[in-house]
Amino acid sequence: MGRIKPELLGVDEKTAMDPRNKAYIKDETTGKCYIIPFGFWSVGRKDDIDVDLPVETQDEYMSRKHANIILRKNIIGENALYICDTVARKNPTEVDGYRIGHHYNFQLFDGSTVLMGYTRFTVHLFQ
């Protein structure tokens, strides 16, 4: 889809909670928040120039292109957030303690925890 605007990356929680934003993930280690706009986005370590949502982390277990996140409206018009791994890997993405794969999108809810490598995120989703 294209890189997310730099002003949406690594923001503080007050900025992320702006009512115009529909979803964001918060890195529980650094406290940085990453706003998720509508669309399809690849998420990974900042050292990959091709990732849409580059996360500032020193976690070597988080891949350069670790997962894909999709924010869209569901069939009844609510905001819905989904995630899947980009490929099968040794360090898969986990949601609320469950390993997810790369074949299917896994729905995220407000308060879900996502683990990419050793980097833990909390999901915040607004209607």
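The values are calculated or read from the model by the stated rules, or taken from the named source; none is laboratory data. Only a predicted model underlies this, so the values are computations on that prediction, with no experimental measurement involved. No Cβ is skipped: glycine too gets one built from the backbone with ideal geometry, and neighbour counts run over all protein chains shown. Just so you know, the surface numbers come from the protein's heavy atoms only, side chains and all, with ligands and any DNA or RNA stripped out. Shrake-Rupley method; radii C 1.70, N 1.55, O 1.52, S 1.80 Å.
Values computed for the structure shown
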quantity	calculated
Complete set of residues in the range 34-51 that are hydrophobic (A, V, I, L, M, F, W, C) and in a strand (DSSP E or B)	I35, F40, W41, V43
Inter-residue pairs, beta-carbon under 8 Å, first of a type in the set (D, E) and in the range 26-43, second open to solvent by less than 20 Å² (accessible area, probe 1.4 Å) and in a strand (DSSP E or B), 6+ apart	D27/C33; D27/Y34; D27/V55; D27/T119; D27/F121; E28/F121
Residues of the range 1-33 that turn out to be of a type in the set (V, I, T) and outside any loop (DSSP other than H, G, I, E, B), as a count	3
Listing of strands (runs of 3 or more DSSP E) fully contained in the range 60-127 that carry 1 or more residues being at pLDDT below 90, open to solvent by less than 30 Å² (accessible area, probe 1.4 Å) and under 26 Å from N21 (Cα atoms)	79-85
Those residues of the range 86-111 which are more than 17 Å from Y61 (Cα to Cα) and basic (K, R), in sequence order	none
Residues satisfying the stated conditions in the range 44-72, i.e. over 18 Å from V11 (Cβ atoms) and free of Cβ contacts under 8 Å to residues at least 12 places away in the same chain	I49, Q58
